[in-house]
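Undergrad: Would you mind keeping the following structure in view while I ask a few things?
The values are calculated or read from the model by the stated rules, or taken from the named source; none is laboratory data. Predicted model, so just to flag it, every value in this text is computed and none were measured. FYI the Cβ positions are ideal-geometry reconstructions off the backbone, even for glycines, and counts take in every protein chain you see.
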Amino acid sequence: MSQHPPTEDGSSLDRSAKFASKWTKRDLLAFNIRVVDVPIARFFDLDTNINNDTTFLPPPSVSPTLLNNTDKPSHLTPAEYQNVDDRLFFRYLELVEHPVSVLPLTHVHDFTRHLLHLLGFVSRERMYREREKIPFVMCGERVSVTPDISLSDDIDYFLHIEEIKKTLSPDDLELRIIVSSIAAFHTSNIRRQEADLPTLESRWIPAVAMVGTAPTFYRTHVTQALIDAVVAGSYPDEETTVLRLTPVPDIDIASYRKEGMRRLDNRKIVFQCFEALKKFMVI
């Protein structure tokens, strides 16, 4: 397990209200938030002593065509290859790698949206939302964050996804994911109060950062104590942990982001991680 220690005492840092797009790593220090790299077993709370043992992950719920073919299968005739979801997966994958649009990053969005559909993340209980503004209070002022994709019902948020953009680095995506988790917890508890439902004292909120077709998975342990500190602009005594998982630990991060889900072994593990992520979407 590797982690990123603070370079200074966060309690002495200034805090001011700001929208998610203005957060920096200093804001994480100012609110005692630490990002920790963890192996697969720790991230998914698996019952194994082998850190990156994928045999304990659930099997992918996709067709063998997607698991066994790097590209769309040329050996099948159009009549044999009729699965629309499979065809779209390969088409969106190709568009991310070789964009034809003047807005190439929209292809990442299309790929991510199809991935959620393919893996059954959207249901009657979980609605798919794009660019929904989620308000929260920071240092006494109302601000907001706008995740690229959210899954929610009328009360709670279950998953946030941020996608790479020309103006954002992977570090920026990470900051927005953390702020989205804070805002989601804050808003969900307000909705729970309004609906006469019990509020939550803490919750692990899952999220995904998409760089091309290479996801990085996150779980942020948001507590009411953290929310109170953000609202008041104070330093919380309790550290907030953000777990970060790069699902393919055996290759360097640059290669993983370049190859993404084109590489078959990457693809299988990513599918398995998404399947395992579903257990954290139950409150």
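Undergrad: Provide a single number: the residues in segment 100-154 that are of a type in the set (A, V, I, L, M, F, W, C), within 17 Å of the chain's Cα centre (by Cα) and either exposed (fewer than 14 other Cβ atoms within 10 Å of the Cβ) or under 30 Å from Ser16 (Cα atoms) (or both).
TA: The total comes to 5.
Undergrad: Starting from segment 38-51, take each residue that is farther than 14 Å from Lys279 by Cα and list its partners that are of a type in the set (Gly, Ala, Ser), counting only C-beta distances under 7 angstrom and pairs at least six apart or across chains.
TA: From residues that are farther than 14 Å from Lys279 by Cα, the pairs are Thr48/Ala41; Ile50/Ala41; Asn51/Ala41.
Undergrad: Considering only segment 22-30, I want to know if a residue exists there that is without any contact (Cβ under 8 Å) to a residue 40 or more places away in the chain, within 30 Å of Glu141 (Cα to Cα) and surrounded by 14 or more Cβ atoms within 10 Å (Cβ to Cβ).
TA: Taking every residue of segment 22-30 in turn, at least one turns out to be without any contact (Cβ under 8 Å) to a residue 40 or more places away in the chain, within 30 Å of Glu141 (Cα to Cα) and surrounded by 14 or more Cβ atoms within 10 Å (Cβ to Cβ).
Undergrad: Still on this structure: Scan (1) crowded, with 23+ Cβ neighbours inside 10 Å; (2) among the hydrophobic types (A, V, I, L, M, F, W, C); (3) over 21 Å from Asn32 (Cβ atoms) for the single condition Ile205 breaks and write down its number.
TA: Failed condition: (3).
Undergrad: Now for a separate question. Determine whether segment 160-181 contains at least one residue that is part of a helix (DSSP H, G or I), more than 17 Å from Leu243 (Cβ to Cβ), of a type outside the set (D, E, K, R) and at pLDDT 95 or above.
TA: no
Undergrad: On the given criteria, is Ala207 of a type in the set (Gly, Ala, Ser), closer than 30 Å to Arg257 by Cα, touching a strand residue (DSSP E or B) at 6+ places or on another chain (Cβ under 8 Å) and not in a helix (DSSP H, G or I)?
TA: Yes.
Rundown of residues vs (1) modelled with pLDDT under 90; (2) over 19 Å from the mean Cα position of the chain (by Cα); (3) in a strand (DSSP E or B), yes/no style:
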residue: Ala17; (1), (2), (3): no, yes, no
residue: Asp27; (1), (2), (3): no, yes, no
residue: Arg34; (1), (2), (3): no, no, yes
residue: Asp45; (1), (2), (3): no, no, no
residue: Asn49; (1), (2), (3): yes, yes, no
residue: Asn52; (1), (2), (3): yes, yes, no
residue: Thr55; (1), (2), (3): yes, yes, no
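Undergrad: Residues in segment 176-202 that are of a type outside the set (Ser, Thr, Tyr) and within 15 Å of Arg34 (Cα to Cα): how many?
TA: Of the residues in segment 176-202, 5 are of a type outside the set (Ser, Thr, Tyr) and within 15 Å of Arg34 (Cα to Cα).
Undergrad: What number goes with the only condition from (1) over 17 Å from Ser150 (Cα atoms); (2) under 17 Å from the mean Cα position of the chain (by Cα); (3) buried (at least 21 other Cβ atoms within 10 Å of the Cβ) that Val179 does not pass?
TA: (1)
Undergrad: Taking segment 210-234, which residues are among the β-branched types (Val, Ile, Thr) and part of a strand (DSSP E or B)?
TA: If the condition is that a residue be among the β-branched types (Val, Ile, Thr) and part of a strand (DSSP E or B), then Val211, Thr216, Thr220, Val222, Thr223 are the ones that fit.
Undergrad: Which one is surrounded by the most Cβ atoms within 10 Å (Cβ to Cβ) among residues in segment 239-251 that are at pLDDT below 95 and more than 20 Å from the chain's Cα centre (by Cα)?
TA: For segment 239-251, the residue satisfying everything is Ile251.
Undergrad: Something else about it: State whether the residues of segment 196-218 include one that is touching a residue at least 60 places away in the same chain (Cβ under 8 Å) and more than 25 Å from Ser21 (Cβ to Cβ).
TA: Yes.
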